[in-house]
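Reviewing the structure listed below.
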Amino acid sequence: MHADLSRSTFRPERHYSAVIAQQGRVQLDADANEHTAIQLHHARTLAADLIGPHGGPVDAAGFRIDYVGGKHDIDTLYIHGGRYYVDGILCDADRPAPGIPVPDEDTEDTKDAADSTEQETAAPPAFWTYWDQPDGFRDPEKPGDRLPSPAQTPFVVYLKVWERSVTAAEDPALREVALGAALPDTAARVKVVWQVLPLSLAELAIEEPEPSKDVVRAAFERWARGRAAPSARLAARSERPDHADEDPCLVKPDARYRGPENQLYRVEVHAGGAAKDATFKWSRENGSVVFPVDELDGTWVQLASLGQDDKLDLDVGDLVEFTDTAYASRLEPLPLLRVEELDLPGRRVRLSAEPAPGVGRLPHLHPFLRRWDHHEGPKRKGRTTALKGGAVPVAEGEWLPLEDGVEVYFATGGTYRTGDHWIIPARTATGSVEWPADPARRPLLRAPSGIARHFAPLALVKGEGGAVDLRLGFAPRAGSIPAADEATLAAEEQARRQEQEAEADPSGGRSQTTAAAEAAVEGDE
């Protein structure tokens, strides 16, 4: 996630069940974040073990799909409300009801206006559509976003689930205004993103014109398995540069990491695909340096605020990503632009080109600039690698220097996905980076830290009113306690009384009066 972190320490293979705070110790963000991650991992693992890969409660299952074609200018889907779990992650499709505004005062039509407003807002649609789903951001002008025609061939509708970080740059409500504008924001959030998307039968390798539910589910499981597990692998290390001339008062002479401060490097895939087409970008601040945008005028960008200091500010030559909530959710690469000019008093920057069409033009999508810290590609064979779209081309099978002795290595044969990333803590105390290694101190190749993608089939659309439901459901485990019959109750009551009598008479069940009477009878005889 793009957040201002010191490091990320959660590893499920360590089997930790909690984080224990100790008195008189320094409190770190990594400890609190690991505690949250542990609890979330346990809860979702339990839910997935009980429910399965996906499913919803039978009385409140969400994401029922209706295909609507011909009644509107463009075909759409109705996505009905309710809850659904994908790999233990809760997805909520309920559409919140809009608020009712207070009517205007001191007008003759106040009552009529209030009644009209209440009628308009009292009954909101109980479903989302394909085009207005909250995190889908589908564009009718893009041919790739349009729904296939079921008249030509059926298609599958599926649910894609992943998580992304949200800061005050995208959600201003997270900022506590009482702290003042001069102070930075506080904690970030992690948001569950669900998107309802179409998938052709050809992509599932289904040749049958009328496949059964079982055939579609099995084919979808194979398709999802191939997209949920990334094949890209990366290793990191720190190597002392050949010409290290830093001030020994700031950096230890034998340090391999030569940076003057602790950093959390983020290496993120920009354009995905095979290695020959893939690119990456990197940040020494985990990609957390962002600048909310107030206005876009050609290549000039009006910023809502500047950085807190020189380290977290913009400078001429910096590469930035101009994006917004919609494109952050679409996981599509945008060209990285160069800062060409700064107008600090006016909080304006001029970029090397106008941002991509349709990006950052709507204020409610909260456009922002994200700074990346590479300025050119690594030096290879004595010359600097040219950037591609502002990002660094992936080169597999060799160590690529970032800065200050930090190097990364991409394993051969990987397939890269936009948004996948690795984080690398660099520490001045050790003069090195924190990265797992084997006993011979060789860095280990690791899968990306994220983004974890999860998938579930929802429906097979065959036409108007012909959506075959592919969801799974589960019933509540709790039920009525069965009542015992009269004979059982009588036997239980008799046994209870016998136990009470035995406890009251340790002599074996006869009272002293009964024993004396029996002795008197024997004497008379």
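The values are calculated or read from the model by the stated rules, or taken from the named source; none is laboratory data. All values reported here derive from a predicted model rather than from experimental measurement. Note that each Cβ is placed from the backbone with ideal geometry, even for glycine, and that neighbours are counted across all protein chains shown.
On the given criteria, is GLY431 surrounded by fewer than 10 Cβ atoms within 10 Å (Cβ to Cβ) and at pLDDT below 95? Spelling it out, it is not the case that GLY431 is surrounded by fewer than 10 Cβ atoms within 10 Å (Cβ to Cβ) and at pLDDT below 95.
Looking only at region 109-128, decide whether some residue is at pLDDT 95 or above, within 26 Å of LYS160 (Cβ to Cβ) and part of a loop (DSSP other than H, G, I, E, B). No - not one qualifying residue is present in region 109-128. For region 265-289, a residue qualifies if it is assigned to a strand (DSSP E or B) and within 19 Å of the chain's Cα centre (by Cα), and the qualifying residues are ARG266, VAL267, GLU268, VAL269. Listed by position, the strands (runs of 3 or more DSSP E) contained in region 403-498 that have at least 1 residues being closer than 30 Å to ASP87 by Cα and aromatic (Phe, Trp, Tyr) are 406-410, 421-427, 454-461.
Being outside the structural domain of ASP294 (by TED's automatic domain parsing) and at pLDDT 95 or above is the requirement here; does PRO367 meet it? No: the conditions fail for PRO367.
Within region 24-49, restricting attention to residues that are out of contact with any Phe, Trp or Tyr (no Cβ under 8 Å at 6 or more places or on another chain) and of a type in the set (A, V, I, L, M, F, W, C), the residue that is farthest from GLU13 (Cα to Cα) is VAL26.
Is it true that some residue in region 347-357 is of a type in the set (S, T, N, Q), surrounded by fewer than 17 Cβ atoms within 10 Å (Cβ to Cβ) and modelled with pLDDT under 95? No, because not a single residue in region 347-357 is of a type in the set (S, T, N, Q), surrounded by fewer than 17 Cβ atoms within 10 Å (Cβ to Cβ) and modelled with pLDDT under 95. If we scan region 64-75, do we find a residue that is among the charged types (D, E, K, R), in the same structural domain as LEU197 (by TED's automatic domain parsing), in a loop (DSSP other than H, G, I, E, B) and at pLDDT 95 or above? The answer is yes; a qualifying residue exists.
Yes or no, residue by residue, for (1) closer than 28 Å to ARG417 by Cα; (2) surrounded by 13 or more Cβ atoms within 10 Å (Cβ to Cβ):
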{"position": "PRO143", "(1), (2)": "yes, no"}
{"position": "PRO150", "(1), (2)": "no, yes"}
{"position": "THR167", "(1), (2)": "yes, yes"}
{"position": "LEU179", "(1), (2)": "no, no"}
{"position": "LEU197", "(1), (2)": "yes, yes"}
{"position": "GLU207", "(1), (2)": "yes, no"}
{"position": "ARG222", "(1), (2)": "yes, no"}
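Taking region 190-231 as the range and being at pLDDT 95 or above and more than 29 Å from ALA467 (Cα to Cα) as the test, the residues that pass are VAL190, LYS191.
Taking the condition of being surrounded by fewer than 18 Cβ atoms within 10 Å (Cβ to Cβ) and at pLDDT 95 or above, how many residues in region 318-333 meet it? Total meeting the criteria: 0.
Would you pick out the residues in region 370-387 that are charged (D, E, K, R), part of a loop (DSSP other than H, G, I, E, B) and either within 33 Å of the chain's Cα centre (by Cα) or modelled with pLDDT of 80 or more (or both)? ASP373, GLU376, listed by residue number.
Conditions (1) under 20 Å from LEU400 (Cα atoms); (2) of a type outside the set (Phe, Trp, Tyr); (3) touching a Ser or Thr at 6+ places or on another chain (Cβ under 9 Å), marked per residue:
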{"residue": "GLY287", "(1), (2), (3)": "yes, yes, no"}
{"residue": "PHE291", "(1), (2), (3)": "no, no, yes"}
{"residue": "GLU295", "(1), (2), (3)": "no, yes, no"}
{"residue": "SER305", "(1), (2), (3)": "no, yes, no"}
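Is it fair to say LEU306 is surrounded by fewer than 16 Cβ atoms within 10 Å (Cβ to Cβ), assigned to a loop (DSSP other than H, G, I, E, B) and not acidic (Asp, Glu)?
Working: surrounded by fewer than 16 Cβ atoms within 10 Å (Cβ to Cβ): yes; assigned to a loop (DSSP other than H, G, I, E, B): yes; not acidic (Asp, Glu): yes.
Yes; evaluated as a whole, the condition is true for this residue.
Does LEU5 qualify as being at pLDDT 90 or above and under 20 Å from the mean Cα position of the chain (by Cα)? It is true that LEU5 is at pLDDT 90 or above and under 20 Å from the mean Cα position of the chain (by Cα). For region 360-378, a residue qualifies if it is surrounded by fewer than 19 Cβ atoms within 10 Å (Cβ to Cβ) and more than 15 Å from TRP282 (Cβ to Cβ), and the qualifying residues are ARG361, LEU362, PRO363, HIS364, LEU365.
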